[in-house]
Amino acid sequence: QVQLVESGGGLVQAGGSLRLSCAASGRTFSRTDMGWFRQAPGKEREFVAMMSWIGSSPNYADSVKGRFTISRDNAKNTVALQMNSLKPEDTAVYYCAAGVSGSYYVPSSYRYWGQGTQVTVSS
């Protein structure tokens, strides 16, 4: 069992930066692949980034590649998403997810979800 709590969302101007954090509880966190997804109003939840439990070769959506960086600290049971050069189209609720079984970019592949944190980028 893994419980996830996101933080760090907020309002930022285009071109700015935000750092999201996801705190996980549960004994299996260190061996759990972690992902970030987002959902804008009226749109489906979409993949943003994923990092395996061993911390190798993170994966990113094309729309955020080069701007966002996912990282994790297994000792602190946290996973972070550093978001730079933010654009208005990045506005969404961002979710942390864990326990992937299947395709890492598909939301239904994840077993555990946080409650989400709002990110709003103004133009």
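Residues in segment 38-52 that are crowded, with 16+ Cβ neighbours inside 10 Å and either aliphatic (A, V, I, L, M) or touching a His at 6+ places or on another chain (Cβ under 6 Å) (or both): Val48, Ala49, Met50, Met51. Each residue in segment 97-123 was checked for being within 19 Å of Gly26 (Cβ to Cβ) and either of a type in the set (A, V, I, L, M, F, W, C) or in a strand (DSSP E or B) (or both), and 8 pass. Of all residues in segment 38-60, those satisfying the criterion of being polar (S, T, N, Q) and closer than 19 Å to Met83 by Cβ are Gln39, Asn59. Considering every residue within segment 83-95, establish whether at least one is in a loop (DSSP other than H, G, I, E, B) and crowded, with 18+ Cβ neighbours inside 10 Å. Yes, some residue in segment 83-95 is in a loop (DSSP other than H, G, I, E, B) and crowded, with 18+ Cβ neighbours inside 10 Å. Residue selection: Asp73 satisfies the criterion of being among the acidic types (Asp, Glu), at pLDDT below 95 and either surrounded by fewer than 18 Cβ atoms within 10 Å (Cβ to Cβ) or under 15 Å from Thr117 (Cβ atoms) (or both). Are any residues in segment 25-60 hydrophobic (A, V, I, L, M, F, W, C) and at pLDDT 90 or above, and if so, which ones? Met34, Trp36, Phe37, Ala40, Phe47, Val48, Ala49, Met50, Met51 - these are the residues of segment 25-60 that are hydrophobic (A, V, I, L, M, F, W, C) and at pLDDT 90 or above. The residues of segment 78-110 that are farther than 20 Å from Arg67 by Cβ and without any contact (Cβ under 8 Å) to a residue 60 or more places away in the chain, listed by number, are Thr78, Ser101, Gly102, Ser103, Val106, Ser108, Ser109. The single condition among (1) β-branched (Val, Ile, Thr); (2) within 14 Å of the chain's Cα centre (by Cα); (3) part of a loop (DSSP other than H, G, I, E, B) that Ile54 does not satisfy is (2).
Go through Gly35, Gly8, Gly55 for me and flag whichever is in contact with a strand residue (DSSP E or B) (Cβ under 7 Å, 6 or more places away or on another chain), surrounded by 18 or more Cβ atoms within 10 Å (Cβ to Cβ) and of a type in the set (Gly, Ala, Ser). It is Gly35.
The values are calculated or read from the model by the stated rules, or taken from the named source; none is laboratory data. Keep in mind the model is a prediction, meaning the values are calculated, not measured. Here the Cβ is made from the backbone with ideal geometry for all residues, glycine too, and neighbour counts use every protein chain on show.
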